[in-house]
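Working notes, structure below.
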Amino acid sequence: GENVEQHPSTLSVQEGDSAVIKCTYSDSASNYFPWYKQELGKRPQLIIDIRSNVGEKKDQRIAVTLNKTAKHFSLHITETQPEDSAVYFCAASRYSGGSNYKLTFGKGTLLTVNP
Amino acid sequence: DSGVTQTPKHLITATGQRVTLRCSPRSGDLSVYWYQQSLDQGLQFLIQYYNGEERAKGNILERFSAQQFPDLHSELNLSSLELGDSALYFCASNPGTGPYEQYFGPGTRLTVT
């Protein structure tokens, strides 16, 4: 089955700096890659996702890049703010139509933004 | 608020017991997903139901089972509980027709003593 590795497990940055979190996946047929943010004591929430037919996607201060050849994808957060502090999870899935669909998550990165 | 509800919020029980966790999906969503979150294992996918039928299975133990009812709410049954089953259990929902955002509920924290 799919295996997703996520690095680093913890990341500490100064407010205003950029943060980068990297994930690799094992199933070359995976074609959907979401990122979820989980604040302490809260539920995971989708912040951005990318499909395998594009290489990069941006949403304000957040961007995700995908390298299908190398089977890795990354989350980039620019101009970090204290409210960006949370655990970030990458995930991968192989969707081939129909209604069966499952996500394999990385183990998470605890991002701390220091004011 | 995601629109997904889970009950109970907290559950404390003893080893060997059986518990049932309940999830109500967002209005209109046909798919329900169950996840187990523990400190060392991250978010582990357990099982997906779509419109009452099981559609995808992850690393769900044989002691665990789930079902989705005609009103689309879902229940996760955990039996012969062990200390290692202590975790946060999330359900999530989405329309289920593609790889779209999964909306997570607030979770049920299970403590097995």
Residue selected from the range A:87-115 under the condition buried (at least 17 other Cβ atoms within 10 Å of the Cβ) and in contact with a Lys or Arg (Cβ under 7 Å, 6 or more places away or on another chain), by the criterion nearest to B:Leu46 (Cα to Cα): A:Ser93
Between A:Asp84, A:Asp59, which is surrounded by 17 or more Cβ atoms within 10 Å (Cβ to Cβ) and of a type in the set (Asp, Glu)? A:Asp84
Kindly list, by first and then second residue, each pair from a residue in the range B:32-48 that is more than 8 Å from chain A (Cβ to nearest Cβ) to a residue that is buried (at least 23 other Cβ atoms within 10 Å of the Cβ) and not in a strand (DSSP E or B), limited to pairs with Cβ atoms under 6 Å and residues at least 6 apart or on different chains. B:Val32/B:Pro25
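For (1) surrounded by 18 or more Cβ atoms within 10 Å (Cβ to Cβ); (2) out of contact with any strand residue (DSSP E or B) (no Cβ under 7 Å at 6 or more places or on another chain); (3) within 22 Å of B:Thr111 (Cβ to Cβ), each residue gets a yes or a no:
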position: B:Ser2; (1), (2), (3): no, no, no
position: B:His10; (1), (2), (3): no, no, yes
position: B:Gln17; (1), (2), (3): no, yes, yes
position: B:Thr20; (1), (2), (3): no, no, yes
position: B:Gln36; (1), (2), (3): yes, no, yes
Scan the range A:73-115 for residues that are over 16 Å from A:Lys37 (Cα atoms) and at pLDDT below 95 and jot them down. A:Ser93, A:Arg94, A:Tyr95, A:Ser96, A:Gly97, A:Gly98, A:Ser99, A:Asn100, A:Tyr101, A:Lys102, A:Pro115
Residue, surrounded by the fewest Cβ atoms within 10 Å (Cβ to Cβ), within the range B:42-63, restricted to residues that are among the charged types (D, E, K, R) and more than 22 Å from B:Arg26 (Cα to Cα): B:Glu62
When the range B:46-72 is examined, which residues are found to be at positive phi and among the aliphatic types (A, V, I, L, M)? B:Leu72
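Among the listed residues A:Val13, A:Val20, which satisfies the condition of being of a type in the set (A, V, I, L, M), surrounded by fewer than 17 Cβ atoms within 10 Å (Cβ to Cβ) and more than 10 Å from chain B (Cβ to nearest Cβ)?
So the residue among A:Val13, A:Val20 that is of a type in the set (A, V, I, L, M), surrounded by fewer than 17 Cβ atoms within 10 Å (Cβ to Cβ) and more than 10 Å from chain B (Cβ to nearest Cβ) is A:Val20.
Each row is one residue, and each column tells you yes or no for (1) of a type in the set (Lys, Arg); (2) within 21 Å of A:Phe89 (Cα to Cα); (3) open to solvent by 10 Å² or more (accessible area, probe 1.4 Å).
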| residue | (1), (2), (3) |
| --- | --- |
| B:Leu76 | no, no, no |
| B:Ser79 | no, no, yes |
| B:Asn94 | no, yes, no |
| B:Glu101 | no, yes, yes |
| B:Phe104 | no, yes, no |
| B:Arg109 | yes, yes, yes |
Residues being touching a residue at least 12 places away in the same chain (Cβ under 8 Å), within 12 Å of chain B (Cβ to nearest Cβ) and not in a loop (DSSP other than H, G, I, E, B) - total across the range A:24-53: 13
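The values are calculated or read from the model by the stated rules, or taken from the named source; none is laboratory data. Computed from a predicted structure; not experimentally measured. Glycine also receives a Cβ, built like all others from the backbone with ideal geometry; neighbour counts cover every protein chain displayed. Ligands, DNA and RNA are excluded from the accessible area calculation, which covers all protein heavy atoms including side chains. Shrake-Rupley method; radii C 1.70, N 1.55, O 1.52, S 1.80 Å.
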